[in-house]
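Since the structure comes first, as structure tokens, the remarks are kept for the end.
The values are calculated or read from the model by the stated rules, or taken from the named source; none is laboratory data. What you see is a predicted model; the values in this text were computed from it and never measured. Cβ coordinates were reconstructed from backbone atoms using ideal geometry, including for glycine residues, and neighbour counts include every protein chain displayed. Each accessible area value is taken on the protein alone, full model and side chains, heavy atoms only, with ligands, DNA and RNA left out. Shrake-Rupley method; radii C 1.70, N 1.55, O 1.52, S 1.80 Å.
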Amino acid sequence: MSQVEKETDSAEMHQEVLDRFTGMLSNVNFNAQLTILGIGRLQFSRRKSALKELRAMYVGLWKLALNRSFPDKSIELFEKFLDPGEVHSKKKRIKLEAFRELCKEYVKILEVEGDTNFINVAILLCQHLGRTTQQDLRAISLQLALDMRSMYHHIFERLI
């Protein structure tokens, strides 16, 4: 196999990884996490904010799986995912940039402890969503951390 063929195969595999994750992200159901957070269907504003945070956290979990599976290409794949190309609407561009920054924040925190401990990310998620009492924070963050571990394994199993 020539070098060009290897690079083509590699590029196709990387695109497949991106496409697979994009599909997973669009189909993920965060109802269990919203329930854990005590966010009901009629809490529209809190729900919208929570879903944005949960999606960013999910992207962070994917990046963690990429680091493990594609250590040499994880940054390139992650950046390619976050850059959808030219966005014409200023409002959409601002929202996209805010989401990128949020994803990067979750990635940074997740990469500190890797896949061994998700509690710090769960605490951050709770804090971003206004869960401040210690009793709530401990119980909810523990449940979320366990859920995040399950999500991470789900992502990792379907990465390739």
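Quick look at the values:
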| quantity | calculated |
| --- | --- |
| Qualifying positions in segment 31-50 - open to solvent by less than 50 Å² (accessible area, probe 1.4 Å) and either in contact (Cβ under 8 Å) with a residue 12 or more places away in the chain or of a type in the set (A, V, I, L, M, F, W, C) (or both) | Gln33, Leu34, Ile36, Leu37, Gly38, Ile39, Arg47, Ser49, Ala50 |
| Lone unmet requirement of (1) more than 19 Å from the chain's Cα centre (by Cα); (2) closer than 30 Å to Gln134 by Cα; (3) assigned to a helix (DSSP H, G or I) for Gly38 | (3) |
| Any hit, segment 128-146, residues being among the polar types (S, T, N, Q), assigned to a helix (DSSP H, G or I), modelled with pLDDT of 90 or more and surrounded by 13 or more Cβ atoms within 10 Å (Cβ to Cβ) | yes |
| Residue ID - modelled with the highest pLDDT, chosen from residues in segment 51-75 that are assigned to a helix (DSSP H, G or I), open to solvent by 50 Å² or more (accessible area, probe 1.4 Å) and closer than 25 Å to Thr116 by Cβ | Arg55 |
| Criterion: over 20 Å from Leu25 (Cα atoms), charged (D, E, K, R) and in a helix (DSSP H, G or I) - qualifying residue of Lys91, Lys48, Lys95 | Lys91 |
